[in-house]
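Asker: What follows is a structure written as structure tokens; I'll ask about it next.
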Amino acid sequence: MTATQGSQALDEITDWAYAPAPQATDVVSIAPENGLFIGGEFAPAADGRQFATVNPATEEPLAQVAEAGQADVDRAVAAATAAYEQVWQPMPGRERAKYLYRIARIIQERAREFAVLESLDNGKPIRESRDVDVPLAAAHFFYYAGWADKLEYAGLGPAPRPLGVAGQVIPWNFPLLMAAWKLAPALAAGNTCVLKPAETTPLTALLLAEVGQQAGLPPGVVNVLTGDGAAGAALVAHPGVRKVAFTGSTEVGKAIARTVAGTGKKLTLELGGKAANIVFDDAPVDQAVEGIVGGIFFNQGHVCCAGSRLLVQESVAEAVLDRLRRRMTTLRLGDPLDKNTDVGAINSRVQLDKIRELSDSGEQEGAERWSPPCQLPERGFWFPPTIFTGVSQSHRIAREEIFGPVLSVLTFRTPEEAVAKANNTPYGLSAGIWTDKGSRILWLASRLRAGVVWAGTFNKFDPASPFGGYRESGYGREGGRHGLAAYLDA
Ligand code: NAD
């Protein structure tokens, strides 16, 4: 095929029509009212308060969920303390492992149910919840189940001990996966847990609590408190909590660090990011473009380690941007439950407003905005995949986390300039490198101030691999052997 034929073919691709391939939702039954999960049972909040969780793709309410208050936090921490002292901590590691294996297998058995529920509550495409979130959540339980009886071989001292009750607060972008990241290492290490999912995505954490019941997990080992920031704040401040694990915004992370300071509680913070995805002139362009697209449009850009700043070498900038724009015209935005969908709904109106405000600031500050032609559904929360060119380092869209499908493009001439620009951020969670030279990858990786550096790929996760940030991206590591250290007194 000649080059001209190739580009004609690409133009035609944009005209392809896809027949809808909707995922059936009858695998899921959502109770109209959902209680808190405390001491192995579901029960309403002590003061009876509830809130609605909505489907962000339609704005239809999905269910009412109990809103935990101080009395519920007290009850959950008491249940977790009793379970820690009487059952979970004294239990041999090989017995704890059996529960974790069971949970992992039940997640696999109920994978479709989890995937559909996650897409309904979060707005992410079913292809992502089905192929990424749910399998990785199961993999985390499998992985840490393997550690439960081998803690003394983790390189953390001859007799590492659990900490006690872990208070865990998670965000809405990967609700089930973040629950798995928090619960699996904590339980493997012998701690008990009180988990607070985000207010816009509580449903899969409650289904996971049900899976715990199904697995015969002793009452109180895992407790789930649905509610808002006030419930999270009460949980992390509770004197009965010995370990706090938080994933969310840098602002809330700082508030939690202040609360926890001086209490002797162990703390890990997984916060925001503004990662650089760096493309050199010798990079394989098609692969790099796939990596750029996956880096920023996966999960609507609601990814803390999203490659939200593209740094492209000036000599290839036009060619890369040309291919990127073509690729973006083939992204399909719409119904998250359609198996063809690439870009789903924004998780909430609040988040949509934040993305709009920051994108408007990009235009006001002089950057050039571009989105492919794309029809947004009438109802629900939607934002088209967007790139900004002509971005300078002082623009807000180059400095602040947008947490949406918005890419800021900057250029560089030398590797030194790429490093300086990539590190010019208060964050330090991740980075990506696209080049043909192994030596350049190593040179850059040792200079980039980021917890994770991907080369020739982006957004790759594995439970055996530690993940976490520097500076305003937080501290502590989740995943791998390092993830155990956060839950052990060693
Ligand atoms: P958020 O900080 O507002 O909320 C996160 C969680 O904290 C929610 O469960 C919320 O109810 C709770 N919360 C709110 N105020 C609290 C308080 N004062 N005390 C205790 N808990 C409180 O963040 P968000 O809007 O839900 O999530 C988006 C942010 O999370 C982004 O900035 C993103 O970068 C970050 N994030 C980071 C990672 C990571 O691994 N580093 C992963 C996902 C998301």
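The values are calculated or read from the model by the stated rules, or taken from the named source; none is laboratory data. Every value quoted in this text rests on a predicted model; they were computed, and no experiment measured them. We place every Cβ from the backbone using ideal geometry, glycine too, and count neighbours over all the protein chains shown. Protein only, heavy atoms only, side chains kept; ligands, DNA and RNA dropped before computing areas. Shrake-Rupley method; radii C 1.70, N 1.55, O 1.52, S 1.80 Å.
Asker: Could you list, in sequence order, all residues of the range 429-458 that are of a type in the set (Gly, Ala, Ser) and outside any strand (DSSP E or B)?
Answerer: First pass over the range 429-458, keeping only residues of a type in the set (Gly, Ala, Ser): 430-432, 438-439, 445-446, 450-451, 455-456.
Of everything in the range 429-458, those that are of a type in the set (Gly, Ala, Ser) and outside any strand (DSSP E or B) turn out to be Gly438, Ser439, Ala445, Ser446, Ala450, Gly451, Gly456.
Asker: Which of the residues that make up the range 411-428 are surrounded by fewer than 23 Cβ atoms within 10 Å (Cβ to Cβ) and either of a type in the set (A, V, I, L, M) or part of a strand (DSSP E or B) (or both)?
Answerer: Thr411, Phe412, Val419, Ala420
Asker: Between residues in the range 155-171 that are among the charged types (D, E, K, R) and residues that are crowded, with 24+ Cβ neighbours inside 10 Å, which pairs lie under 6 Å by C-beta distance while being six or more apart or on different chains?
Answerer: none
Asker: Related question: What about Ala422, is it within 16 Å of the ligand (Cβ to nearest atom) and at pLDDT 95 or above?
Answerer: no
Asker: For residues in the range 219-237 being touching a strand residue (DSSP E or B) at 6+ places or on another chain (Cβ under 7 Å) and in a helix (DSSP H, G or I), which is nearest to the ligand (Cβ to nearest atom)?
Answerer: Going through the qualifying residues, I end up with Gly232.
Asker: Of the conditions (1) touching a Phe, Trp or Tyr at 6+ places or on another chain (Cβ under 7 Å); (2) surrounded by fewer than 21 Cβ atoms within 10 Å (Cβ to Cβ); (3) not basic (Lys, Arg), Ala345 satisfies every one except a single condition; which number is it?
Answerer: (2)
Asker: Next question. Applying the selection to the range 187-207, what residues are within 14 Å of the ligand (Cβ to nearest atom), open to solvent by less than 10 Å² (accessible area, probe 1.4 Å) and outside any helix (DSSP H, G or I)?
Answerer: Result: Val194, Leu195, Lys196, Pro197, Ala198, Thr201, Pro202.
Asker: Against the definition (within 14 Å of the ligand (Cβ to nearest atom) and either buried (at least 20 other Cβ atoms within 10 Å of the Cβ) or assigned to a helix (DSSP H, G or I) (or both)), how does Ala288 come out, yes or no?
Answerer: no
Asker: Picking from Gly295, Gly216, Gly262, Gly240, which residue would you name as being crowded, with 23+ Cβ neighbours inside 10 Å and more than 13 Å from the ligand (Cβ to nearest atom)?
Answerer: After applying the criteria, what remains is Gly295.
Asker: Of the residues that make up the range 103-120, is at least one crowded, with 17+ Cβ neighbours inside 10 Å, under 17 Å from Val303 (Cα atoms), assigned by TED's automatic domain parsing to the domain that holds Ala198 and in contact (Cβ under 8 Å) with a residue 60 or more places away in the chain?
Answerer: Yes, some residue in the range 103-120 is crowded, with 17+ Cβ neighbours inside 10 Å, under 17 Å from Val303 (Cα atoms), assigned by TED's automatic domain parsing to the domain that holds Ala198 and in contact (Cβ under 8 Å) with a residue 60 or more places away in the chain.
Asker: Restricting attention to the range 298-325, which residues are touching a strand residue (DSSP E or B) at 6+ places or on another chain (Cβ under 8 Å) and more than 23 Å from Glu472 (Cα to Cα)?
Answerer: Listed by number, the residues that qualify are Val312, Gln313, Glu314, Val316, Ala317, Val320, Leu321, Leu324, Arg325.
Asker: Go through Ala205, Ala179 for me and flag whichever is closer than 29 Å to Gly155 by Cα, in contact (Cβ under 8 Å) with a residue 24 or more places away in the chain and under 22 Å from the mean Cα position of the chain (by Cα).
Answerer: Result of the check over Ala205, Ala179: Ala179.
Asker: Here are some conditions: (1) in contact (Cβ under 8 Å) with a residue 40 or more places away in the chain; (2) within 20 Å of Thr204 (Cβ to Cβ). Ala52 meets all but one. Which one does it not meet?
Answerer: (1)
Asker: Further, regarding this structure: Are any residues in the range 429-450 surrounded by fewer than 24 Cβ atoms within 10 Å (Cβ to Cβ) and not aliphatic (A, V, I, L, M), and if so, which ones?
Answerer: Correct list: Thr435, Asp436, Lys437, Gly438, Ser439, Arg440, Trp443, Ser446, Arg447, Arg449.
Asker: Go over the candidates Ala139, Ala68 one by one and state the one that is in contact with a Ser or Thr (Cβ under 8 Å, 6 or more places away or on another chain), closer than 23 Å to Thr204 by Cβ and in contact (Cβ under 8 Å) with a residue 40 or more places away in the chain.
Answerer: Working: Ala139 fails: in contact with a Ser or Thr (Cβ under 8 Å, 6 or more places away or on another chain).
One residue alone meets the criteria, Ala68.
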